[in-house]
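Q: Sharing a structure here in structure tokens format.
The values are calculated or read from the model by the stated rules, or taken from the named source; none is laboratory data. Predicted model, so just to flag it, every value in this text is computed and none were measured. Positions of Cβ are backbone-derived with ideal geometry, glycine not excepted, and every protein chain shown enters the neighbour counts. Protein only, heavy atoms only, side chains kept; ligands, DNA and RNA dropped before computing areas. Shrake-Rupley method; radii C 1.70, N 1.55, O 1.52, S 1.80 Å.
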Amino acid sequence: EFRDIIWITIESFRYDYTSLSSASQDTTPTLEKLAQSGTTFDDCHAHSIWTRPSSASILTGYPPSAHQTWTNNAKLPNSIDTLPETFSQAGYHTACVSPIAQLSPATGLDRGFDSFHYLQRSTLREEVGLPTLIRWLPKIRRHSGGLTTDGRQHCTSYFINQIGKRHIRNAGDNPL
């Protein structure tokens, strides 16, 4: 029997600063609520000090010494299978939303996902869709840096959430 799996990886996120830990503040109530109906792992460690090799290890199960995706020019070798490929072979539909170059087609870490959404300035309208952009615009100060052309001031979390919700709604009875 298939069970739905929603796997969330957040870059630069410390467990001890979440509501799931013994933090004194209620910092992540939505994550805590989601965790109550699933499985969490409170003893996880990064495989590397930066995103590309850590993400490659998460997606392959191999340490950086095996996948060698550890430099700015490194790309995941085709000879190494990814977890999304394994999930797809088992009948799951896999999707990933990434706003960072370290987890993108250029690194090979998009391999195996049925749907891969790489959010960057040139792909935003295509990946997010015009209706979502229109809904975001009146809330630009709440969800982002306000009216500015400085892309570093804009947050992608609203778009990531909307794309994720779309995949969950469209999954129906299919395993996700």
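Q: Given (1) over 23 Å from Ser157 (Cα atoms); (2) open to solvent by less than 100 Å² (accessible area, probe 1.4 Å); (3) without any contact (Cβ under 8 Å) to a residue 12 or more places away in the chain, identify the lone condition not met by His45.
A: (2)
Q: Within the range 96-118, which residues are in contact with a Phe, Trp or Tyr (Cβ under 7 Å, 6 or more places away or on another chain) and either surrounded by fewer than 19 Cβ atoms within 10 Å (Cβ to Cβ) or among the hydroxyl-bearing types (Ser, Thr, Tyr) (or both)?
A: Matches in the range 96-118: Ser98, Ser104, Pro105.
Q: Do we have Lys75 as part of a loop (DSSP other than H, G, I, E, B) and either in contact with a Cys (Cβ under 6 Å, 6 or more places away or on another chain) or of a type in the set (Lys, Arg) (or both) here?
A: yes
Q: Identify the single condition in (1) under 25 Å from Ser55 (Cα atoms); (2) modelled with pLDDT under 85; (3) part of a helix (DSSP H, G or I); (4) open to solvent by less than 40 Å² (accessible area, probe 1.4 Å) that Arg152 does not satisfy, given that it satisfies every other one.
A: All conditions pass for Arg152, except number (4).
Q: Looking at (1) modelled with pLDDT of 85 or more; (2) open to solvent by 40 Å² or more (accessible area, probe 1.4 Å); (3) not small (Gly, Ala, Ser), which one does Arg121 not meet, given that it meets all the others?
A: With respect to (1) modelled with pLDDT of 85 or more; (2) open to solvent by 40 Å² or more (accessible area, probe 1.4 Å); (3) not small (Gly, Ala, Ser), Arg121 is out only on (1).
Q: Give the residue, chosen from Ala23, Ala56, that is closer than 25 Å to Asp110 by Cα and not aromatic (Phe, Trp, Tyr).
A: Only one candidate passes the filter, namely Ala56.
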